[in-house]
Structures are given as C-alpha cells and as structure tokens.
Amino acid sequence: MSVIKVQHISKHFGSLKAVDDLSFEVQTGQVFGFLGQNGSGKSTTIRMLLSLIHPSSGSIEIFGQSIEKNRAAILEQVGAIIERPDLYPYLSAKEHLQLFAKVRKQKITANAIDETLVKVGLANRANDKVQTFSLGMKQRLGIAIALVHNPSLIILDEPTNGLDPQGIADIRELIKKLAKEEGKTVFVSSHLLSEIEQVANQILIIHQGKKMVEGVTKELLDPQKRIVQIKTMDDAGTLQVIVAGSFSNYLLPRKEGIFLKIPTYEIPLLNESLIKAGVSLLGIETKNSLEDYFLQITSNA
Amino acid sequence: MWSLINVELYKIFRRPRTYIAFGAIAALIVVIQLGLKIDGNSYAAFLMKDINDTLTVDGKVLNGYLICYILLQLLLVHVPLLVALIAADMISGEANLGTLRLLFSTPYSRTHWVLAKFIAASVYTILLLIWLAFLALFVSMWVFGTDDLFLMKSNYVVLIQQNDVLWRYVGAFVFASFSLLTVTSLGFLMSSMANNSIGPIVGTMSAIVFFTILSTLNIPLFTVIKPYLFTTHMNNWKEFFDIKVNANNEAITGSVLNIPKIKTSLIVLSLHIILFVSASIIIIKKKDILS
Amino acid sequence: MNIKNYKKIVVVGGWFISSLIISLTTLAQTDPLIEKVAQKLALVNDYVAEGVMKTDVSFIKASLGKVKVYFKKPNLLKVKKEGGISLLPRGGVSLTINTLLNTKQYTTIAGGTQLLNGKNLTVIKLIPTDDNLDWVISTLWIDPIDALVYKTATTTKENGSYEITMQYGDYAKYGLASKIVFSFNTKDYKLPNGITLEFGDEDPAAKQKALKNKKGTIEITYNNYTINKGVPNTIF
C-alpha cells in the first residue's frame, strides 16, 4: 500500500519552476531516499507534502487521503523535520518536546518524551536551553520532535546536516531501526548519495524540479551493472531503437542524453546491436557507480 | 484550541522580551509618581492658575485618582508601542526563527494557530493593562491617597465625587483594552505579512504614530478623515470622566456625558479588530510557508 | 471685570453678616437699625451648621456637596466639605471676615428703602474712613421689621464687587440664614490642548456655554444649626 502518492505536482514561484511535474509513490515500511542537490526542489516538495506550500498543480495523497482535504487527520500521523533545525532558543530540549506534545490530539506521556530524548541521544542535555546547543544537537532535537508523537510516516529533510561522523552513523541506525523494528515509513532527503544509499531501499533523484531517476537502491547500486551513456549524432533516433529493442529495460529516464544501467557483459552486445541498427555512434562511456551518475546529472546542469 | 493558546502563552512568557514592556511601564509610572510626589504641587498650581484667580480649591487635588488620570493620559499613547513589540512579532518572529513551519505542520489548521496566537497576544495585552492599572491606579491611591477627582479639561473643570470615580476607571480600563487590542490586531496583521520581526514592529509603531498625529492635528483637511481613524477613537476612554449636568448646572453623580460617543468608539474599534484579525487569517491561509 | 479682583474678598454667608454686625456693635455711632441687627446676632457665641453647597460656575461641573460650617466669636469661621474637594470664593473665608472686622472706621449713610423680593428693605451704606482699607463701599439691605440682612453688596478698590443674598428660616431669630448665595464674576478658563492632551473635537456646546454666563455663584443651603454648644479652636 502506498503511504505517499504524488501525482504530477508542480510549483511555480513567479517564473521559477521549483518543482516540475513530479510523480512518485512511497510504500508502507519503505525508507525512501529523496536525493537532489541544494535548490533542486527537495524542500519545496517536502513542504508540499506537509501542506506548508500549496502546489500550483497536481495532487498529493498521504495514507490514501488528499492532504488538502484531510490535512489534520494525515498530519496527526506524520512527523517531520524541514531543512534547518530551527527551534526556540529560550526553551530546553525537554520543553520543546512537551510543547509539541501538547499540539497533538493524542495524549503523550512524560515517559514517551523521556524515551524519545534517549532515542536521539539527548537525555543528558534534556534540561539545557537550546541556545547552548550545537547544530548537531539541534538536529537531534528536531528529529525528536518529529518522533515524539510516534507517527507512522516520518519525513526527514537533510537529517544529518551538521552532524559529526558518529552522529551521522547514529541517525542512520535510527532510521533503519524505525523502519525495520517499528515498521515506520521514512521519507528522507539528502544532497549526499553516500548517506541515502546506506539507508534507503528506494531512491529518487530530483534535479531542477524534475525527476531524473527512480528505482530500487539495490538495483541502482548493483556492482554487476554499469551505467553507460550513449553518445550519438541523433539521440532521438537512437532512443527509438533502444526502446524498440531488448535493452529497453535498462534505460534510465533522463532529460538529456541516453543513459542505461546495464550488466557489464552486455555492453558489447549493446554496441553491436546499435551499429547493426545503423546508429551513428560517437561512443559509449561507462560510469562506475550511481554516485558518478548523480554527479554527472547534477553537474551537467 | 485551548492547548494551542496554552502553548502560545507559554512561549510569550518564557521570552525575556515580554518583560521589557512590564519593566518599561513600571519604570515610567514610578518616575512620574516620584516626580509628582516631590514636585506635584507646583504642577497642580500651574494647572490651576486660571481657577485660582476665581476660587480657592480646598482639599487634596493631587490625589491618587488625579495621578492615575495623568498617568493614563501620558501612557496610553506609549503603551501601544510596547504592545506592538510583542503583537507584531507573533507570526513574523516565528517565520524569522523558522519555527512557524513546525507549528503549521501540526494537525491544527493555520486558522487555529492564528487565532490562538491572537488570543495569546491579547492576553498579554490585557495583562499589560492590568499591570498598568495596578501601578497607575492602586499604587497611586496608596501613595497619594484618595479624594474627589478634580479634572482640569481644556475648556472646563469636572469635579467628580470620590465615590463616583472608581467605576469610571473600570470603564476606562475596559475601553482601553479595546484600544490596545486594536493595536494588537494591527500588529498581528503586519506580522502576518512579513518574515522578519523588525518590519512589522516598526510598521505598527509608525502607523500608530502617524495616525495619532493625524488625529491630534486640528487641520480642516484632516478633520474630515479623523472619525475614520482608529487612533481618534482610542483616546475616548476619557469620556468616562465627563459628567452630565442638570438645568441648574449641578453635576449628576454617576452620569456619563456622552455615552453614544463611547459606544461608537467601541464599535469602531471592535470592527477594526475583526477586520485586522480576519485579514491576518486570510493572508496566512493563502501563504506558502517558505521560511 | 477681572476676577483677580477677588483677592481679598469677602465671603459666604450669614456668618459674614454676623461677624460684620458683631463688629459694628462695638462702635458707638451706628444706625439704630444696625444696632438692632447686632443685638440679635450677639445671641450667638458659636455654631456648627450642616448644609449643602452648590457651585454654579459656567466652566465647572460639580455636584452638590455636603458641608459643615463652623463659627466662633468674634471672627473664626471655617467651611469644611465632608470628604472631598471644595471650591470656595477666592481669598479665603477668615481673611475676608477680618477685612471687614478690622474696619473700625467708617460712617453710615441711609440709602432709603428698596423693594426686594416683595420686601420693603432699608438700605444702609457703609463707607470706610480709613484710606488704607481695600473696600470702598458696602451696602446692606435690611428688613426693618425683623432686623434681618437680606443682601449685601461690596465694592473693593482693586477687586471689583461681590454680592451676597440671604434667605431666612427656622434660625431667623438668631439672624442666621437658611440659605446664602455668594455671587462673583468669573474669568475665562482655558488650558491648552498640549497640557490636557485632549485632541478630540471641541465641544461647541461647552464653548458657547462658557461665553454665555460670566457670573458664578456658590450657594449654601443650611439644614440645621447647633448653636452655642461650643466649638473647639482646633477646628479653625
């Protein structure tokens, strides 16, 4: 069952298209990696999921209900951090959780608050004011706020920002635990593939508001498969040849250029079939990993 | 809804800034009281120059009731600025801080939040007014004692018997709460339009100063628009201290000269409050939260 | 006429008359009618009177106030408002009494008779013989039948004139009035808006009223007198 179902959403700010015809689905229990450079439209998308921004077009369903129409019921089951961990400097970690516990319809016990603080590793700083916190500690508190009401969908926007390596590892473990042990659905965004690829079982790459690629992490990162870019004199014609042929399954959706994720041993066969089809081939470049691919598409821009 | 109001009040009263206004009012009042305690008689003599030419005024003119009136006259011009400090920060301050997105991604609607914030800001405003009343009225009554209220207005003098004064202050403070809530709602409106606190605070203060100047200038051009300015109506708490006289020019104890004027002002102020708060809600509902 | 003129002016009431007359009795050459008045007043050594004071000045809005008036021979007098602020004619009460009491040098002139409120009153004028005195002339309207003073009018050198009228009731036999009205001229009253901080629209009715009536009165209606029961000096 899909927890999040986004269909053709776009958001314009004046002439700027922040999100452009984006569609995806997140299934129950998944850790969904939402990957993109800074300014690629990640946060705008997340804000639309939380009804902080009204989409210019398209629809968003969470738990099978429209976010526009059933906002309150949906958000009762959602916990989120959005971009920077902005908090009240004059309140302590515990006071933050108490405060946000109050704005939930369900009763949240003092115990639950303490447990959440332990979960994010802030138990020993529970009563310290946030103004004394490092960025990493604020990030942990932000996550605690997202978790305190035990939501079934957790949306984490760049949760490891500002954390030290140990902190990053901790959060990674936490995300895995939430999904595996507690059966929660986690939607996590980042601009670093290295972070996402270790936790997410599904990855979507967004660039300039458009979906670049989406797939199961294992497959996208399969060491047996390589990403190749086919350079030709006539991309459109070549694309038709590939779509019609037996390599169509390997095709990666791209705005420009032709990319395939293909087992290494099939690359010569691909070469051969293209030449047979009369494609004026300039070359086939192989990329080593999804990282390369991510860097490629994002630096292309 | 109650929990939201609770949360907002909690935030207001945990912030050091909140107490600036309480401190400022206390400081202003104590300074004025001290000045009047030491040198009040010469001030009273100055005010009564014309009267003393005709009559001898026997009794404690400079009593707690008059001191309170003087304080209100001076302070009710400035308190709106202190109210703006908090009210104009209620939404924009959180937008600036980045916490607004946390609030607006909770199950409560933006309308709920805006109303909760307005109610919390109103509670703050009323508490400020109660603080003002306590210091200006009760402390003055304690320090200066009580007697009849001998009020020197621009064109005439009103002598109100001391047992006829206190309820007028209750009326005046209730009226003043409407005045200040108008300021609260104006600050709130400005706050809903910005993502930083300085703009709305300065904007609200400027608007009050600007309209107050228009309200006080007796220039024919401005007298046309005066009745429509909320600042004109804000000062009408003074109407509680004007008294009716009968055909024999005897003041009627317990009467208020111009009740319709008070009613009109209360209606105008209430309409402003409703208008400003509704506009805030509409603006916030339509807004994309980008902060 | 300017009201500054009331600096040393005289006063409120029956006590004024009583004091005046008492002082007159010490003089040898007086009009026989004044002598008769004085004899009546000599019966009173002291009194405490309760009354209601009304202030009627165009620019003052005041309600009726209860007052107590204390008198003691020869010239002690005090008007006290029961808890509150009272407005009394400029100059103070005792000063004005003194002014007249000290007027030991004057002559009386018969001024004939005059009809006042249906009564045929004998008019007697007092003219001071001492040039240093502030007042120039004082006129008394006296009823020759009951020997009561119904009206006085005094003109001062610098401070204009004032008038006191009296009505009598139960205490007429002591020469004590049941109601006295003190009339005086008022000066314009105006405080700048900058001081009163009143910036609203000016009340045209109030303005008009201020222009209409330039005469102010303070009247005291006595309910009862407690006569010759002793009044401690500490009151005054």
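Summary table
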quantity: Directionally averaged shadow of the protein assembly as shown, computed from the convex hull of its alpha-carbon atoms, nm²; calculated: 48.0 nm²
quantity: Flagged links, alpha-carbon separation over 23 Å, of A:LYS102/B:LYS11; C:LYS40/C:LYS81; A:LYS17/A:LYS211; B:LYS238/C:LYS66; calculated: C:LYS40/C:LYS81; B:LYS238/C:LYS66
quantity: Where labels lie 7 Å past Cα in the beta-carbon direction, separation of B:SER270 and B:THR56 in nm; calculated: 5.0 nm
quantity: Value of Rg to Rh for region A:135-290 (Rh from inverse mean 1/r over Cα pairs, i.e. Kirkwood); calculated: 1.11
quantity: Alpha-carbon gyration tensor eigenvalues x 5, square-rooted, for region A:2-216, Å; calculated: 27, 19, 17
quantity: Inter-site label distance for A:ARG84 and A:GLN166 at 7 Å from Cα along Cβ, in nm; calculated: 2.7 nm
quantity: Using a Förster distance of 22 Å, the FRET efficiency for A:GLU173-A:GLN224 (Cβ separation, nearest 0.05); calculated: 0.20
quantity: Cα long-axis angle, helix B:16-47 against chain B (0 to 90 degrees, to the nearest 10); calculated: 10 degrees
quantity: Translational diffusion coefficient (Stokes-Einstein; Kirkwood radius from C-alpha pairs) of region A:118-176 at 25 °C, 0.890 mPa s, in µm²/s; calculated: 207 µm²/s
quantity: Burial order of peptide ranges A:278-286, C:61-69 (average beta-carbon count within 10 Å, highest first); calculated: C:61-69, A:278-286
quantity: Folded to 0 to 90 degrees: helix B:259-286 orientation relative to chain B principal axis, Cα; calculated: 10 degrees
quantity: Electrostatic dipole magnitude of region A:97-211 [Cβ: Lys, Arg +1; Asp, Glu -1; Cα centre; debye, to 20]; calculated: 460 debye
quantity: Calculated [θ] (222 nm, deg cm²/dmol) that DSSP helices of n ≥ 4 give over chain B, each run adding -39,500 (n - 2.57); calculated: -22000 deg cm²/dmol
quantity: The protein assembly as shown - share of DSSP beta bridges that are antiparallel (%, nearest 5); calculated: 85 percent
quantity: Sites B:VAL123 and B:HIS78 - FRET efficiency at Förster radius 22 Å, r taken between beta-carbons, to 0.05; calculated: 0.60
quantity: Ordering of A:165-176, A:19-30 by burial proxy (mean other Cβ atoms within 10 Å per residue, highest first); calculated: A:19-30, A:165-176
quantity: Separation in nanometres of the label points that stand 7 Å from Cα toward Cβ, at C:GLU163 and C:ILE137; calculated: 1.5 nm
quantity: Inter-part distance where region B:26-75 and region A:204-241 are each reduced to a Cα centre, Å; calculated: 85 Å
quantity: Per-residue average of Cβ from other chains inside 10 Å of B:56-64; calculated: 4
quantity: Peptide B:157-164, shielding by other chains (average Cβ, 10 Å cutoff); calculated: 5
quantity: For B:LYS153, residues with placed amide H under 5 Å, excluding near neighbours; calculated: B:VAL158
quantity: Most mobile listed residue (B:PRO107, B:PRO80, B:PRO227) in chain B, GNM with C-alpha springs under 10 Å; calculated: B:PRO107
quantity: Selected from B:HIS233, B:PRO80, B:PRO107, residue furthest toward positive end of dipole (chain B; charges at beta carbon); calculated: B:PRO107
quantity: Dipole magnitude of region B:2-286 about its Cα centre (Cβ charges: Lys, Arg +1; Asp, Glu -1), debye to nearest 20; calculated: 1140 debye
quantity: Ellipsoid semi-axes in whole angstrom, largest first, where each is sqrt(5λ) of the Cα gyration tensor of chain B; calculated: 39, 20, 16
quantity: Helical contribution to [θ] at 222 nm, DSSP H n ≥ 4, -39,500 (n - 2.57), averaged over chain A, rounded to 500; calculated: -10000 deg cm²/dmol
quantity: Percent of beta bridges antiparallel (DSSP, region A:2-216, rounded to nearest 5); calculated: 55 percent
quantity: Partner chain coverage, peptide C:51-64 - average Cβ within 10 angstrom; calculated: 6
quantity: Pairwise FRET efficiency - A:THR109 versus A:VAL243, Cβ, R0 = 45 Å, nearest 0.05; calculated: 0.20
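Any read-out appearing in this document is the output of simple, stated calculations on the displayed coordinates, not a laboratory observation. What you see is a predicted model; the values in this text were computed from it and never measured. Here the Cβ is made from the backbone with ideal geometry for all residues, glycine too, and neighbour counts use every protein chain on show.
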